[in-house]
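Coordinate-derived values only; no laboratory data. Keep in mind that this is a model prediction, so the values were computed, not measured. Methodologically, a virtual Cβ is constructed for each residue, glycine included, from the backbone with ideal geometry; neighbour enumeration extends over all protein chains shown.
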């Protein structure tokens, strides 16, 4: 009986000693946990700084920062944060060929903790200068042999006109016209020259704007007899 009581007392004593340290470890104050950035067309990367301050009485150590995407990396100013001190996590997003909204997460882990002490959000908007919807059209024996319609929208902050549409005229018929409803800049009507031949073609839409700004969008066209 005394052995059981001794073990229980030892367990309670250890918990009593550990709980203040655990509580202190969670007393971290962040300048922000979410940052929203919009890239310019000529920017290849975005950076944001997350500053954390140790408001507890105990020194804490950041073990690692885990990112949700290979497109995002992080630089940690220093791992050990004494009471009252701060450190900075710099998140770096590399655009690559990405477009649209990119939501990247960074999990921050302290020593000897399985769960992250913080989840940081880096939300980056990469502008689509020429937005084509849909980007993929296809025909097969189960679909109708009718035109497919692509709706083209230009980001007028950067590009103002479509300069050319490149495609194989022997394979496709394409005509462009303004949107009668004025919701988009152009509507493309696409029809294969033949439904009896397998087609795998790309259509390139080129646009330009002020100061020599150029952009393009690529469509993918498939016909499966």
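Between region 184-224 and region 39-60, what is the separation of their alpha carbon centroids in Å?
Using only Cα atoms to place each centre, the spacing works out to 40 Å.
If we count other beta carbons within 10 Å of each Cβ, what is the order of 30, 139, fewest first?
Listed from fewest to most nearby Cβ atoms, that is 30, 139.
Let me know the Rg and Dmax you get for region 42-155 when you use only its Cα atoms, in Å.
21.5, 72
Cα-based Rg (one decimal) and Dmax (whole number) for region 130-223, in Å?
13.9, 47
To the nearest 10 degrees, how steeply does helix 2-25 sit against the main Cα axis of the chain, on a 0 to 90 scale?
For 2-25 against the chain, the angle is about 50 degrees.
What are the radius of gyration and Dmax of the chain, computed over its Cα atoms and given in Å?
Cα only, the chain: 28.0, 93 Å (Rg, Dmax).
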